[in-house]
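This report refers to the structure that appears directly beneath it.
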Amino acid sequence: MQPIDDTPLTRDGKVLILAYDHGLEHGPVDFDEVPESADPEHVFEIAKHPAVTSLAVQKGIAEAYYPSYADDVSLLAKLNGTSNLWMGEPDSAVNCSVEYAAEIGADAVGFTLYGGANNEVEMAEEFREIHEASRAHDLPVVMWSYPRGQGLKNDKKPKTIAYAARQALELGADVSKVKYPGSTDAMQDVIDMAGKTKVIMSGGSKRSDEEFLADVKGAIDAGGAGLAVGRNVFQRENPEQLLDALEQIIFEEEPLDTALATLEG
Ligand code: FBP
């Protein structure tokens, strides 16, 4: 397995995944704010920004659109996913194999694990197959580490998030994508539990520039490896401007004020 820092998923050891699986996970409601965002080409164009190390999409979007962007965008194939129409216990159908992801040009693969769900055992077994196949294809694996299920009333408790990051390490993920636990100290605990697995913050629903960038800065200051973000980027009229600010915080270690000034400029 080549070192993850030598793969296109990273830039200087850091990660900025632009996530665009929302049409499946949440449905068209996520495109209401900026209607052009329903068009995958709009988001592939955003993903050309140099701050974006990878674009995460489902198989159907990869198949239909990636051939036109393969020279400019690095692809992360999300291998499982669920629609918001599903009302059962959290679960996520495996809808793409590692072999097929490699065939369509993926540079990395992603998998959601709902730790604590009634289906956790089956999901962990599915992850085992994906993890071992990804090693055979030399593709880094990103785990969407999301504790969720009827036994977990609050999936954002710092200790629960730390446990999810630890699960990612124990099961072999190269990167664990977690919800921000609310403070730099709590994020530091999460990162400590993840050992050599890189920890990145999940963007979450759209909020003000100040709130969003402060969380990203908190995660980076804690030693986080970066961010996976969807709505806070594509639900904006000027996503490139926010990516400029994220580039400063994540890759250039600039202070929050400098990044905020970029947005005002
Ligand atoms: P966001 O930055 O928009 O939160 O995107 C990250 C992501 O993990 C997506 O890949 C996924 O579709 C979504 O969040 C899942 O959100 P939820 O926590 O509502 O299931």
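Points to keep in mind about this one:
- Looking only at residues of region 167-199 that are under 15 Å from Tyr146 (Cα atoms) and of a type in the set (Ser, Thr, Tyr), we find that the one that is least open to solvent (accessible area, probe 1.4 Å) is Ser176.
- Extreme residue, least open to solvent (accessible area, probe 1.4 Å), among residues of region 142-160 that are within 17 Å of the chain's Cα centre (by Cα) and basic (Lys, Arg): Arg148
- Condition met for Gly88 (open to solvent by less than 30 Å² (accessible area, probe 1.4 Å), over 22 Å from Ile4 (Cα atoms), within 15 Å of the ligand (Cβ to nearest atom) and out of contact with any strand residue (DSSP E or B) (no Cβ under 9 Å at 6 or more places or on another chain)): no
- Any hit, region 186-194, residues being aliphatic (A, V, I, L, M) and outside any helix (DSSP H, G or I): no
- Hits in region 208-236 (condition: of a type in the set (D, E, K, R) and more than 19 Å from Asp189 (Cβ to Cβ)): Asp209, Glu210, Glu211, Arg231, Arg236
- Leu139 surrounded by 15 or more Cβ atoms within 10 Å (Cβ to Cβ), out of contact with any strand residue (DSSP E or B) (no Cβ under 8 Å at 6 or more places or on another chain) and not hydroxyl-bearing (Ser, Thr, Tyr): no
- Residues in region 43-65 that are touching a Phe, Trp or Tyr at 6+ places or on another chain (Cβ under 8 Å) and open to solvent by 10 Å² or more (accessible area, probe 1.4 Å): Lys48, Lys59, Ile61, Tyr65.
- Test for Asp257: is it outside any loop (DSSP other than H, G, I, E, B) and in contact (Cβ under 8 Å) with a residue 60 or more places away in the chain: no
- Filter pass, Ala259 being more than 27 Å from Leu171 (Cα to Cα) and within 16 Å of the ligand (Cβ to nearest atom): no
- Per-region count, region 203-247, residues within 16 Å of the ligand (Cβ to nearest atom) and in contact (Cβ under 8 Å) with a residue 60 or more places away in the chain: 16
- Here the condition is being open to solvent by 10 Å² or more (accessible area, probe 1.4 Å) and closer than 20 Å to Lys48 by Cβ; of Glu210, Glu264, Glu240, it holds for Glu240 alone.
- Exclusive hit being within 19 Å of the chain's Cα centre (by Cα) and either modelled with pLDDT under 95 or closer than 18 Å to His42 by Cβ (or both), set Val57, Val109: Val57
- Among (1) closer than 21 Å to Asp244 by Cβ; (2) within 13 Å of the ligand (Cβ to nearest atom); (3) open to solvent by less than 70 Å² (accessible area, probe 1.4 Å) - the single one Glu33 does not satisfy: (3)
- Test set (1) within 27 Å of Glu132 (Cα to Cα); (2) touching a strand residue (DSSP E or B) at 6+ places or on another chain (Cβ under 8 Å) - Ala47 fails condition number: (1)
- Residue count for region 110-152, restricted to those that are touching a residue at least 60 places away in the same chain (Cβ under 8 Å) and in a helix (DSSP H, G or I): 1.
The values are calculated or read from the model by the stated rules, or taken from the named source; none is laboratory data. Because the structure is a prediction, the values reported are computed rather than measured. FYI the Cβ positions are ideal-geometry reconstructions off the backbone, even for glycines, and counts take in every protein chain you see. The protein model used for the area step is the full one, side chains on, heavy atoms only, and it has no ligands, DNA or RNA in it. Shrake-Rupley method; radii C 1.70, N 1.55, O 1.52, S 1.80 Å.
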